[in-house]
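Read the structure below first, then the notes.
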Amino acid sequence: MKARRIVVTSGKGGVGKTTTTANLGAALAVRGKRVILVDADIGLRNLDLVLGVEKRIVFDLVEVVEGRCQVRQALVRDKRFGESLAILPAAQTRDKTAVTELQFADVVNNLAEMCDYVLIDSPAGIEHGFRNAIAGAAEAIVVTTPEVSAIRDADRVIGKLQERGLPMRLIVNRVRPEMVRNGEMMSVDDVCDILSAELLGIVPDDPEVIDTTNRGVPLVLDPAQRLGAIYTKIARRLEGEMIPFTQLGSGGFFGRLFEALRAG
Amino acid sequence: METQRIVTPPVDAPQLEIHAPPAPVESQKKPKTRGRTIVVTSGKGGVGKTTTTANLGVALAARGARVVMIDADVGLRNLDLVLGLESRVRYHVLDVLEGRVSLADALVRDKRVPTLYLLAAAQDREKDDVATDAMVGLVEQLRDEFDYVLIDSPAGIEMGFKNAIAGADEAIVVCTPEVAAVRDVDRVVGLLGNRINAQLVVNRIRPALVRKGKMLSVEDVNAILRLPLLGVLGDAADVIVSTNRGEPVALDEASATGAAYRAIAARIAGEDVAAPQAAEPDGFMDKLGSFFGGRR
Amino acid sequence: MLNRVMGWFRTFFGTTSSSSVAKERLRLVLLSDHLALAPDVIEAMRRDIFEVISRYVEVDEAHSDVSFEHKDEGIAMLASIPIVSLKPREPEESSPKEETSVLETVSVNGHNSDNFGRRPRKRRRRKASGASQTAPAQ
């Protein structure tokens, strides 16, 4: 029984790939799926940090590839999720040329025998690190924000994914509904239109998310965080459920006047 | 509006000299000292390198300096887009380095700030296509003609980053107040080594969240990085609007973020400007200032 | 709150919203990015253009050029094709004798060009509100 192997990528740095990978993985794990997260950002690893397991790393991806340990020894289990969530960390003192595409794909295929989902956190860019990250994947999630640079880079990445024949869906992150209403930010419809992409999720901007990543607490574990519910919806959509996007209309005069905006 | 080609000419175009300098503006004298070469970098993506390069370029040039900005993000160029110059880019760095066009032809002059020039990255190539010593040679050539050579580094620590820092004597390291960013930036500071003088800009600080303990403070960030602090920027929405329009905030007298960039430029130029402060993002005073059109 | 009121004023009093500006800029920059990334498509286009024009006139292919340029609010294809001579025509058609040396054609603008394999964008009616605006139909 083989896992779904999904790469989370974007082209542009800083749009939320790692946060998405961690939170989506956590949401799937809470729903009972066995999930392994792979950090493909060799040299600048952050998935471990965002999940709060950075102090428990013993071995990393490069050591697995170089045969210095078994892949199971390198997996760090997140105890908050029982046996359902583990991460294969990247190496911190190497760079992305330490691993070839074939080696990376082998590791991912190996992992796919042990779980239901392998989520690969791609580095920024479209070079070696990105090529490694997609080498092991059968599907892609492209993360973008409604800003011109991010969309331009997402377009480039979508082109690369199409070249490889990888089906993809889009998550639009850091949407600010008030700015969209004022015409100061492009809408999710605008973004999907420009990229001709199928939408998987809409995540509103929330500066307090930074605090959760700083503390290493996945949103789905923090009941004070409404964004946790959004990642749960995205997880369910990934599983094939048809979940409508949540209405973000704020009510009141402006809420009724302008088109209600969506999230989820 | 003048037309600009967006596809390189056929390979049998006449081979032009690389060394022809751009025509100087009449009122500008050729600089007597060699220009400063500054790379804007971070390791972490999305912290504001390109926005910082663009706005510092504008602010320095607005003070009369001759400034050239090089986009080193081959394959994923965005400096042209942030500046609003994307429709005027005709040639790129590799066209120059591979001898297809002269430097003068490749430089895009910003009509809003006449001493500001852009050398765009190639969109259809890869970072490995640029040879490090060719990049160093280009920067050396440019510093003879310009007061400042600003290099916009890509994210990461691979070839693109190595090429971006190769020609630089100084670095502006941009970091946001997030643990992941600080960790990446720390790695990069280590890689800059002793040759490059680095200073720190902390971007996207939200003082209200810092007070609530939900965000690292500038002091927290610099306790780890231990760099001279060049500037602090808030997280105002006007940066998004400015990128939408391709009008850098440093051009906007009413923008608090623009004022912060102008202050950083003044500090770079050696002025003794007041200590870096963070603006409250979209605070009451910001809105009042923009409503009445005055400077905050 | 003030931002909202300002946005409202802008929508009603006609200043283009920054999101519409962004959308239009993106449309053009992506088109030019795709063109830069499709030299084989451009080459095929060039060959086809020569083939068609060569049915009517003899052209100097060696000194011909087909390029794409940013013009005003869009991207235009420009072809500069030196004509050597006219080809023999059907008797009933009277064609003017020309000594022209260069034929300039300004054709396809960005709005009608091939989408290079991408799905065509849906056109939507412009909404009265400031939200979710698409580029106005040309």
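Laboratory data are not the source of any read-out in this text; all were calculated from the coordinates shown. All values derive from a computational prediction rather than experimental measurement. Using ideal geometry, Cβ is built from the backbone for each residue, glycine included, and neighbour counts are taken over all protein chains shown.
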(request) May I ask you to derive the relative contact order of chain A, considering only C-alpha pairs under 8 Å and at least 6 residues apart, and to give it as an integer percent? (result) 24
(request) Can you tell me the relative contact order of the range A:112-189? Whole percent, Cα pairs under 8 Å, sequence separation 6 or more. (result) 27
(message) Which three extents, in angstrom, do the Cα atoms of the range A:4-263 have along their principal axes, listed largest first?
(response) 63, 39, 31
(request) Would you kindly work out the equivalent ellipsoid of the range B:221-265 from its C-alpha gyration tensor and give its semi-axes, the square roots of five times the eigenvalues, largest first in whole Å? (result) 24, 12, 8
(request) Could you state the angle between the C-alpha long axis of helix A:17-30 and the longest principal axis of the C-alpha atoms of chain A, as a value from 0 to 90 degrees rounded to the nearest 10? (result) 80
(message) Can you give me the C-alpha center-to-center distance between the range A:181-230 and the range A:17-34, rounded to a whole angstrom?
(response) 15
(request) Could you tell me the convex hull volume per residue, in Å³, taken over the Cα atoms of the range B:36-292? (result) 120
(request) Stick to Cα atoms and the Kirkwood definition of Rh, then tell me Rg/Rh for the range B:108-193. (result) 0.99
(message) Tell me which chymotrypsin sites (Phe, Trp or Tyr not before Pro) from the range C:29-73 have a DSSP coil assignment and no more than 16 other beta carbons within 10 Å of their own.
(response) C:Tyr56
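Looking at this model, which pairs from B:Lys212/C:Lys23; A:Lys2/A:Lys160; A:Lys33/A:Lys55; A:Lys17/A:Lys79 are more than 29 angstrom apart at the alpha-carbon?
B:Lys212/C:Lys23
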(message) Can you pull out the GluC sites (Glu not before Pro) in the range A:28-116 whose DSSP state is coil and whose Cβ has at most 16 other Cβ atoms within 10 Å?
(response) A:Glu66, A:Glu83, A:Glu113
(request) Give me the distance between the Cα centres of the range B:125-147 and the range B:236-267, rounded to whole Å. (result) 28
